[in-house]
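Here's the structure, in structure tokens; my notes come after.
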Amino acid sequence: MSVEDVVRGVSSGAIEYEAGLDALTVAPAAEVDAALGTALLDAFDRLFRGGWQPAELYRAVARLGDPVRARLIADGAIAYLARFREVDPRWRAQAEDLPRDGRRPDRVTLLDSSLGLLTTLRRMPPIQVLVPPPGTGPAPDPHSHVDGRVLDRVRALLAKAEATDFPAEAEAFSAKAQELIARHRIEEVLATAERIEVVPFARRIGVDHPYESEKAGLLDAVARANQCRTVWSPEFGFTTVFGFDADIDAVDLLYTSLLVQANRSMARDEPAKGRARVKAFRRSYLVAYAARIGERLAQAARRELDRHTDLLPVLRDRDVRVREAVDRAFPRTVRARGSRVDSLEGWESGRAAADEVKLG
């Protein structure tokens, strides 16, 4: 049996993993390296053409706990990139920014990780193409992103929120950021009302463990306050956010900052002892925080929208178009069951933290 047959057999499940690894360990190194390299490149080609972006594939593999496999994704993305002249700049930036730190492992470890990565990639399905893969050319970008100056002001407010030791002040800065975002949305709607080429888009945002479901709930709350919709994919650890690009930019910024603030205040308030008690507290805290912060962000946004009631028909039309984009991409979604709240202490603490938002 050739080396290529062994690699294909292990990848397809026809040959037991340990038996295949033993066979590759004693085979000529040049043949093994060529066979594994070709098989991995073919797997990358299938997944990258099937919608996976470099950062997403790296993250999906890295969260499984093998840093060598994650490094193979980073190296493989660069190797794949080198095959093409036409590459979307967003795709290129992701591939070039992947971490490549760490010492090179010994040969047996490298063989084990390479073969294991092949079996992992084989089970991964195609997903929606959001950024054109290499070789298909950069897509025209008709979407309106938040003005750079507005983003800088939002980042400055959120940086202040993350830096202060006073929860009420932190939440006030976050609320001001939301008001600024809502005000810019009004300006963007006014500027693009007659441009039919401005369409809903989508972006995948990673959600880290632990407490992934609860963090996905916070992302959904922030998204809904900004006229976006989300679909949570727990098996891959990311949420797809649908909306107009300017709104998705805002959601990404707000979610990242609010999560930093929530983690800090949660650590401050959590009980000192009892692993089970701490776990229940954190989960309940995040559920309450997400629910209440969503209400408060919606209030901040609504105050700006109330000054432009003449735009309500346009905003309703945008909302319909976003929902239609979700339905086209995920026609068979199911509503997830809500997270359990097992700690009244955590619930009250999380809601209190979110209630410290100062509006107006």
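The values are calculated or read from the model by the stated rules, or taken from the named source; none is laboratory data. Keep in mind that what you see is a predicted model, and the values were worked out from it rather than measured. Methodologically, a virtual Cβ is constructed for each residue, glycine included, from the backbone with ideal geometry; neighbour enumeration extends over all protein chains shown.
All told, residue 52 falls short of being within 25 Å of the chain's Cα centre (by Cα), farther than 15 Å from residue 236 by Cβ and aromatic (Phe, Trp, Tyr).
Looking across the range 252-285, the residues that are without any contact (Cβ under 8 Å) to a residue 40 or more places away in the chain and aliphatic (A, V, I, L, M) come down to 267, 272, 276, 278. Checking the structure you have, find out if any residue of the range 28-39 is surrounded by fewer than 20 Cβ atoms within 10 Å (Cβ to Cβ) and under 25 Å from residue 237 (Cβ atoms). Within the range 28-39, none of the residues are surrounded by fewer than 20 Cβ atoms within 10 Å (Cβ to Cβ) and under 25 Å from residue 237 (Cβ atoms).
Residue check: is residue 19 part of a helix (DSSP H, G or I) and either crowded, with 18+ Cβ neighbours inside 10 Å or modelled with pLDDT of 95 or more (or both)? No, not satisfied. Annotation for the range 97-107: at least one member residue is in contact with a helix residue (DSSP H, G or I) (Cβ under 8 Å, 6 or more places away or on another chain), under 30 Å from residue 1 (Cα atoms) and in a loop (DSSP other than H, G, I, E, B).
Here residue 295 meets each of (1) of a type outside the set (A, V, I, L, M); (2) in contact with a Cys (Cβ under 7 Å, 6 or more places away or on another chain); (3) over 29 Å from residue 57 (Cβ atoms) with one exception, condition (2). In the range 88-109, of all residues being buried (at least 17 other Cβ atoms within 10 Å of the Cβ) and aliphatic (A, V, I, L, M), the one that is nearest to residue 50 (Cα to Cα) corresponds to 95.
When the range 227-243 is filtered for residues that are touching a strand residue (DSSP E or B) at 6+ places or on another chain (Cβ under 7 Å) and part of a loop (DSSP other than H, G, I, E, B), the ones remaining, listed by number, are 227, 228, 237.
The single condition among (1) modelled with pLDDT under 85; (2) within 22 Å of the chain's Cα centre (by Cα) that residue 97 does not satisfy is (1).
Here are some residues: 161, 182, 202. Which one is under 23 Å from the mean Cα position of the chain (by Cα), part of a helix (DSSP H, G or I) and modelled with pLDDT of 80 or more? Steps first, please.
Working: 182 fails: modelled with pLDDT of 80 or more; 202 fails: part of a helix (DSSP H, G or I).
Only one candidate passes the filter, namely 161.
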